[in-house]
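No lab work stands behind these numbers, since they all come straight from the coordinates. The model shown is predicted, which means the values in this text are computed figures rather than measured ones. Counting neighbours? That spans all protein chains shown, and the Cβs are built from the backbone with ideal geometry, glycine included.
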Amino acid sequence: MSDDFDFISDLPIEPPEARATSAAALRAAVDRELRRRRSRAWAVRTAAVAAAMFVGWSFLPGSTNRAAQPLLGLADAVEALPAVTLAEGGAWYTRSERVELIVEEVDGQTIRFLRPETREVWIGGAGSGRVLVTYGEPEFLSPQDRDAFYASNLVDVYGPGTEEITTVEEPPDIPGIDWNRGVDDLQAALRRQVAGLGDPSLEEVEMLKLATRLIRANEEHPERRSALLRVIADLPGITVTANRETVDVTVDYDDGERPLRARFEFDASNAHLVEESIEVRGEDPGSILVLRRARYDPPRMVTDPPGTTSDAAAKDR
């Protein structure tokens, strides 16, 4: 359900062998600590694991990004969550508020504006889905953009309104993934999906984008979200920050001559994606330009999704 963000890392990539060895050792240490403290509450357990990971990481040669420690702690906490079974005839419901920068060239004039939308998605257990998108009023970056927008009749294309899509937004599982074979196999399967770009940095970023999309697509499977977090933690070039509510993954990169920043914000208790964005970085913090941003309400199960027989009957009454 995520937008397709293209972003790369301009930081050096460590040898895969060193990353794999370090990550495996760290995961083993975290697992031991978690088994010893399993009976404690989430907040206490998280603090203890974070401290244990910091000490363990300090003595690991050739480790990956130290800032990825919170991702590993979150991965272990999510793995311990119970699986969720979707009720028969039910669906996963998600709602997001999004905004995207639109650039149009009309008669040699560049017109820029932000297009807000509210997106509601119902995805059933069999893969059937429904998407309802409601577009808001365009937000203009300047009075000149606003005047040119209406003079060019772009309102006929980008004006407010509602669009219903009756196809599945998320694809099925990525071919080649066997969720029962562990993190290393999952990582290899994702790498096969992004191979062939000709730039290792681009492939690492595609890995991040793909893993995040799969996290959103696996609401019923906490163990899968846990494995995907471990894959993200092994990626070079990411910066991870954490607080009581969220764990954020950020990467800065250049797209041509544009300096960009992509950010993913995960719920610190269950790894659900809270927000994602891509922005143009400027020397002045106030000059940051949003290209895309989406904020997601927590996903929930509904027993009578729109379009079902029971839903239609309710409307007739």
Report the label-to-label distance for Tyr158 and Leu197 in nanometres (one decimal), using points 7 Å from each Cα along the Cα→Cβ vector. 2.7
Going by average Cβ density within 10 Å per residue, which order do the peptides 198-204, 80-86, 210-216 take, highest to lowest? 210-216, 198-204, 80-86
Note on the stretch 192-249: alpha-carbon gyration tensor, axes a ≥ b ≥ c; rule is a/c under 1.5 for rounded, else prolate if a/b larger than b/c, else oblate; result oblate
Indicate the gyration tensor shape class of the stretch 88-233 (rounded, prolate or oblate), computed on the Cα atoms with a ≥ b ≥ c the square roots of the eigenvalues: a/c under 1.5 is rounded; otherwise a/b larger than b/c is prolate and the rest oblate. oblate
